[in-house]
Structure formats: C-alpha cells, structure tokens
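Heads up: the structure comes next, in structure tokens.
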Amino acid sequence: MPDYDTLIDAETWAFIRETEKWYPPETFHKCIAEQRRIYDAMCRVFFQGYPAGVNAADKDANGVPVRCYQESGSGVTVLYAHGGSYMLGGLDSHDDVCAEICDATGFDVVAVDYRLMPEHARADGIDDFQTALDWLRASRGGKIITAGDSAGGFISASVVHANRQVGDIIGQVLIYPGLGVIQDGGSMEEHAFAPMLTRAEIMSVSDAFSEDQRPGGAEHMIPLSDNDFSGLPVTVATSAQCDPLADHAERYALAINGAGGQAFWLEDKGLVHGHLRARHTVKRARVSFDRVLRAIALIGAGQPISPADIES
C-alpha cells in the first residue's frame, strides 16, 4: 500500500481529519437517508459563501431543478453536475464551488439537481443533465462548457458523448471523475484503501448499477467504454493521485488524443478524492482549483490551450 504519510502533506491530512469528523468513513454502511443527512451537514461545514457580486436564482429546466449563477451576457455558460456517488448532494452541496467558477471566469454557471440513486437509475440522472442542456440551448443559446466532479464528471461526459454532433459544447472539464466500468488493477488496486474514498465504497455504489442497464442508446453510455472518441470537444480531466479512480482521467485523455482530439490530463500530486472542499485551506487543493478555473476560462475564450497555459 502507498505510504500516505509521505504522499499527503500536513494541510491535506488536516482536511481529511476534519472531513471524517463530520462524515465518518463508515457512513456508506448507513441507510441512504442517513448518508444524505450526514453528507449535507458536512457540506454546510465547508461552505464558503459567495464571492461579492455573484447572484443565484433557482429555476425549473423543463422539470429539472437548476440553480443559475449570474446572467452576465458573456455568451458562455458552464453546465455543472455535482459529485456525490450518484446518491448524495444537490444544489446546495456544491453551491459555493459553482459561485466561485462564475466569479473567476465571468461566465454564467447552471448547476443541475439531477435525480439520485437508489430511488432512480443512474441513467435518470444522465437524462436530467440532458434535459437541462436542452433547456439551456432553448432559453439562452451560446457556447456551453460542461463540467462536473466525481460522479458528476461521469454524467457530464456521458451527455457530451451523446451531443458531439451539435457543436455548441466547446469544452468539458472533469474533476477526479469516475468514467468507466470498475475494474481490478491499476489505481483501483494501488489506492484501494486511500483516505476519503476506498474501493469498498466504490463497489457499494457500483452494485446498484445492475438496475441501470435499461435500453436507451448513446445518452446512457459509459464514457470509457465508447468505441469512438472522435468529435469530442476540448477536454481537461484532473485526477487526485491518492484516489482509486485516479486512472480514469488519464485513460480518457489518452483516448481522446488518440482519436485526433485535444485533451489534457492533470494529476494532482498528494491530493485525495473530494479535495474541492479543501480549496481554501490546502495549498495543493487551491492550486488544483486554480488550474480548473484557468482551463474553463481559456476554453470559454476560444483560445488555444497548452499545458503551460493551464499551469501558469
């Protein structure tokens, strides 16, 4: 097993311990209602508020609740899918993250409150993100960047694959996403007992996917299981080094580049799954979030992107 005492610095360990105080590692054994209660309480503890000048309003996107941050008239909107293992979270769990994306980039942000497992299939959540995308197209138009963290990265990428021919999605930014079928080996084995997310926790969620295989087509695809990675927009995918899902972002970027597209994989050394909430207390997490913000800003501006641009 990796030596996490060496890989993870003191600031990040402090964040891990604070998170575990509010969301103990054994929480995934509890009933879903209790998991959500604990998760929501933990998110409130880490909530940072809105930057000055950012406003938000809840709206109905053809039956899907969304939260819209600042209508700036920039012509670019970031459509965001929150993480939470497909079972947790909502408009409040990543509220400050979305507000900060809006503030840093000057783009509008629309967060999607998709339906959650186990009451609904994972495919229902993907459908809701597609519905929100269609609503956004009809109500605002303009250029769209999709984004999401963890499970939200999967939902975002799945919808991007199904919409590659439309042309208005100019980029996608995925933060420590899980993008494929859970397999043994690689990071899943190396980081099976990582802080913040373990293989056992991932498997407890993937067990619910057996009810998820309804007919549907491309909109319900598993991104890394696609046999065609051509025609996808500019992609930036990050992975936390100490994460069972660390391999997914790298594999996804390699597949897109291999098909002639443009994708960038960024590894966050010494960081763990869920480090978005540490962006104000952990230097490494701040650096990671700043790279995400730069990537979104560069994509939205239509500028050529290089690794140096994102890192600067």
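The table below lists the values:
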read-out	value
Pairs of Lys in the chain closer than 30 Å at Cα, counting only those 8 or more apart or on different chains	5
Surface per residue (accessible, 1.4 Å probe) for region 22-165, Å²	36 Å²
For the chain, share of DSSP beta bridges that run antiparallel, in % to the nearest 5	25 percent
Distance from region 77-102 to region 275-298 (C-alpha centre basis), Å	15 Å
Accessible area of the chain belonging to carbon and sulfur atoms, whole % at 1.4 Å probe	51 percent
Along principal axes, Cα extents of region 14-134, largest first, whole Å	45, 34, 17
Ellipsoid equivalent to the chain - semi-axes via the Cα gyration tensor, in Å	26, 22, 21
In region 2-69, GluC sites (Glu not before Pro) in a DSSP loop with at most 15 other beta-carbon atoms within 10 Å	none
Under the Karplus curve 6.51 cos²θ - 1.76 cosθ + 1.60, θ = phi - 60°, whole-Hz ³J(HN,Hα) for region 235-240, x wherever Gly or Pro sits	10, 10, 10, 10, 9, 7
Calculated FRET value between I170 and E11, using beta carbons and R₀ = 45 Å, to 0.05	0.85
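The values are calculated or read from the model by the stated rules, or taken from the named source; none is laboratory data. Source: prediction; values computed, not measured. For neighbour counting, all protein chains shown are included, and Cβ atoms are generated from backbone atoms with ideal geometry for every residue, glycine included. Ligands, DNA and RNA are stripped out before the accessible areas are found, and what is left, the full protein with its side chains, is counted by its heavy atoms. Shrake-Rupley method; radii C 1.70, N 1.55, O 1.52, S 1.80 Å.
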